[in-house]
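The block underneath contains the structure these notes are about, expressed in structure tokens.
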């Protein structure tokens with residue numbers, strides 16, 4: 001049984017890169033049956049990235065109008081994620097679209113957990129804003145806790 | 001008393017990234033069309049200044065998650081041109097193969113995930129997948145094969161890390177490339193099926209009149225090299241580009257519109273390539289075009305989906321030809337010593353002509369960089385087309401008109417993921 005953590009985003013779009021930052025923070029800290037993958041834009045690639053995995057964690061920037069750094073967590077296994085929350089529309093084909101496309105084609109892992117981190121700045125540029133940077137470790141730790149729980153499930 | 005109506009939608013979905021469009025109608029006449037989809041890559045031009053010329057392919061690859069190879073190729077072309085280096089044939093072929101992978105991936109994405117739903121009456125690929133899962137699976141399989149080519153040759157599927165000025169960090173062996181033959185043969189079949197599928201859609205009759213601009217090379221269907229040509233007699237080297245093309249600042253926006261000096265609007269991309277270089281497509285691709293009822297020149301933006309499908313056949317066919325002809329180079333790259341001066345590079349990104357210019361000093365430090373992406377070049381042509389489409393359909397209600405505008409924009413596959421974010425679509429009627 002394999003699990004995968006996929007960070008999605010663009011490091012040259014300020015807070016849009018938070019998914020990539022979380023993935024970077026998890027390298028070397030996950031058990032051997034967990035893959036950590038960076039997906040820089042174009043979420044239809046998610047469908048290949050989670051192929052064969054029992055659980056997929058997807059980490060993306062969110063733009064729901066909440067406070068920067070605020071964490072959103074959705075279980076997508078049973079129902080669509082609220083697409084408007086995600087920066088998915090910054091991508092050609094959003095994270096929500098990729099999940100629904102996979103669901104329609106029977107290519108969705110058993111567990112799909114989507115973490116969204118509310119961003120403040122999405123203009124061209126490097127570096128996360130302070131509240132988003134502060135959330136990176138929180139999300140990484142939350143995923144490690146999730147993984148521990150999921151891997152103990154029968 | 002004017003009856004004013006304003007309609008807003010949040011996003012123009014299924015365009016690469018996001019953008020915004022405003023159409024203003026007064027008494028049934030189109031007064032103003034404005035597309036705010038593309039922000040020129042000034043951040044990257046600034047980021048490049050002060051960096052080593054060897055970093056240009058890696059940095060520019062980050063401009064777009066869909067077409068990194070195009071940015072890398074135009075960058076290395078410009079810098080090798082400046083430094084007087086002509087890469088050996090096996091390296092050029094590897095670049096062409098890598099580029100074919102990008103065309104396959106990008107065209108499959110646009111045809112299946114973004115554009116086909118318009119013709120079949122679906123809101124998007126998800127809805128299409130519920131009714132026609134086999135078609136969408138075919139699109140995903142094509143995309144995957146394109147990714148495999150990019151991963152094997154480029155080192156990574158997006159932002160390929162294996163490309164450098166002078167060649168590659170590591171050249172694949174013949175044996176490694178052989179592993180791509182089976183998937184590419186299957187992809188070629190899927191591409192032929194794609195042509196049959198898209199050519200059966202219903203197409204409104206539509207012709208655009210502007211000048212068509214594409215690269216041309218005497219030896220093959222131009223992708224990774226060539227001179228800049230048009231259907232009205234333009235035939236220039238990349239270094240002459242800025243003598244013939246100019247960028248105009250657009251009032252009230254950060255956008256730049258490209259125009260041919262004293263000639264006006266032009267269009268680059270699949271329609272232009274197909275129209276100018278049809279004779280150089282492979283026999284199989286030409287046959288597929290003929291069966292689809294496509295003739296060169298093709299000036300119908302709706303039929304660009306069929307042209308992309310034909311190019312998909314060509315890209316698979318050409319990738320297989322290159323793999324067959326490939327001889328491992330003695331060295332994966334040639335040495336490139338910096339030369340002070342200015343270099344010019346072009347290539348055919350999936351969406352059209354991509355121009356780069358770099359000025360570097362004798363140490364190889366980049367002093368100035370200029371990048372003109374295809375979507376920036378096509379912006380005026382898209383706006384002109386929108387203006388015309390709206391003028392002919394002012395009788396439609398706002399929802400129908402908005403749908404038609406969105407499809408008109410998607411016909412051009414504008415890449416805005418590398419550009420601005422939120423897209424709002426406004427139709428104002430006064």
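The values are calculated or read from the model by the stated rules, or taken from the named source; none is laboratory data. Every value quoted in this text rests on a predicted model; they were computed, and no experiment measured them. Every residue, glycine among them, receives a Cβ derived from its backbone with ideal geometry; neighbour counts consider all protein chains shown.
For region B:255-302, the candidate set comprises residues that are touching a strand residue (DSSP E or B) at 6+ places or on another chain (Cβ under 7 Å), free of Cβ contacts under 8 Å to residues at least 60 places away in the same chain and assigned to a loop (DSSP other than H, G, I, E, B); within that set, the residue that is nearest to residue B:355 (Cα to Cα) is B:261.
Just so you know, in region A:43-78 the residues that are within 14 Å of another protein chain (Cβ to nearest Cβ) and more than 17 Å from residue A:9 (Cα to Cα) include one that is modelled with the lowest pLDDT, and it is A:65.
I'd like the residue in region B:287-296 that is touching a helix residue (DSSP H, G or I) at 6+ places or on another chain (Cβ under 7 Å) and surrounded by 14 or more Cβ atoms within 10 Å (Cβ to Cβ) and, out of all such residues, is nearest to residue B:275 (Cα to Cα). By that ranking, first place goes to B:296. Restricting attention to region B:115-125, the residues being touching a helix residue (DSSP H, G or I) at 6+ places or on another chain (Cβ under 6 Å), within 14 Å of chain A (Cβ to nearest Cβ) and either touching a residue at least 24 places away in the same chain (Cβ under 8 Å) or buried (at least 24 other Cβ atoms within 10 Å of the Cβ) (or both) number 4. Here is a check on your reading of the model: is residue B:161 closer than 28 Å to residue A:94 by Cβ, in contact with a helix residue (DSSP H, G or I) (Cβ under 9 Å, 6 or more places away or on another chain), within 14 Å of chain A (Cβ to nearest Cβ) and not in a helix (DSSP H, G or I)? Criteria met by residue B:161. Any residue in region A:28-42 that is at the interface with chain B (Cβ under 10 Å from one of its Cβ atoms), surrounded by 24 or more Cβ atoms within 10 Å (Cβ to Cβ) and out of contact with any strand residue (DSSP E or B) (no Cβ under 8 Å at 6 or more places or on another chain)? Scanning region A:28-42, I find at least one residue that is at the interface with chain B (Cβ under 10 Å from one of its Cβ atoms), surrounded by 24 or more Cβ atoms within 10 Å (Cβ to Cβ) and out of contact with any strand residue (DSSP E or B) (no Cβ under 8 Å at 6 or more places or on another chain), so the answer is yes.
Check every one of the strands (runs of 3 or more DSSP E) wholly within region B:1-91 and list those with 1 or more residues that are away from every other protein chain (no Cβ under 14 Å) and at pLDDT 80 or above.
On the way: elements: B:5-9, B:20-26, B:29-36.
Answer list for region B:1-91: B:20-26, B:29-36.
Of all residues in region A:123-141, those satisfying the criterion of being in contact with a strand residue (DSSP E or B) (Cβ under 7 Å, 6 or more places away or on another chain) and either within 16 Å of residue A:72 (Cβ to Cβ) or outside any loop (DSSP other than H, G, I, E, B) (or both) are A:132, A:135, A:138, A:139.
Filter region B:203-217 for residues that are in a loop (DSSP other than H, G, I, E, B) and touching a helix residue (DSSP H, G or I) at 6+ places or on another chain (Cβ under 7 Å) and give the result. Within region B:203-217, B:203, B:204, B:206, B:208, B:210 qualify.
Selection of region A:122-143 for residues being within 11 Å of another protein chain (Cβ to nearest Cβ) and surrounded by fewer than 18 Cβ atoms within 10 Å (Cβ to Cβ) yields A:123, A:125, A:126. Could we say that residue B:148 is within 11 Å of chain A (Cβ to nearest Cβ) and either more than 30 Å from residue B:343 (Cα to Cα) or surrounded by fewer than 23 Cβ atoms within 10 Å (Cβ to Cβ) (or both) here? So residue B:148 passes the test.
What are the residues in region B:218-236 that are without any contact (Cβ under 8 Å) to a residue 12 or more places away in the chain and not in a strand (DSSP E or B), if any?
Just the residues of region B:218-236 that are without any contact (Cβ under 8 Å) to a residue 12 or more places away in the chain, to begin with: B:218-219, B:233, B:236.
Scanning region B:218-236 gives B:218, B:219, B:233.
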